[in-house]
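Structure first, commentary second.
The values are calculated or read from the model by the stated rules, or taken from the named source; none is laboratory data. Remember, predicted model here, so these are calculated numbers, not experimental data. Positions of Cβ are backbone-derived with ideal geometry, glycine not excepted, and every protein chain shown enters the neighbour counts. The area values use the complete protein model at the heavy-atom level, side chains included, leaving out ligands, DNA and RNA. Shrake-Rupley method; radii C 1.70, N 1.55, O 1.52, S 1.80 Å.
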Amino acid sequence: MTVKPLFVTSDDVMEMMQVKRNKAYEIIREINKELKEKGHRTVQGRRPRNYFMKAYGLDEVEIDDGSHKP
């Protein structure tokens, strides 16, 4: 069983959404702003995986990080 990280990074966003790095950082900033407005703490350059997936309707998407073999 592969454990997914609690946070997604700009590299994850780039891969899942097929965007360039600048756009990935913009998406991260938007989500972190939303979380701050709700009174949550944030980590610059990262956002909670579950919040990101829910916000973009990607809850069924799995990231293939190459750590498992077929």
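Here are the numbers:
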| quantity | calculated |
| --- | --- |
| Extreme residue, modelled with the lowest pLDDT, among residues of segment 34-53 that are more than 19 Å from Val3 (Cβ to Cβ) and either surrounded by 11 or more Cβ atoms within 10 Å (Cβ to Cβ) or touching a Lys or Arg at 6+ places or on another chain (Cβ under 8 Å) (or both) | Gly45 |
| Pairs with Cβ under 8 Å, 6+ apart, first in segment 32-59 and under 17 Å from Val19 (Cβ atoms), second surrounded by 15 or more Cβ atoms within 10 Å (Cβ to Cβ) and among the basic types (Lys, Arg) | Asn32/Arg47 |
| Selection count where residues are under 15 Å from Asp12 (Cα atoms) and polar (S, T, N, Q), scope segment 30-59 | 2 |
| Matching residues, segment 12-32, being open to solvent by 60 Å² or more (accessible area, probe 1.4 Å), among the polar types (S, T, N, Q) and either part of a helix (DSSP H, G or I) or in contact with a Phe, Trp or Tyr (Cβ under 6 Å, 6 or more places away or on another chain) (or both) | Asn22 |
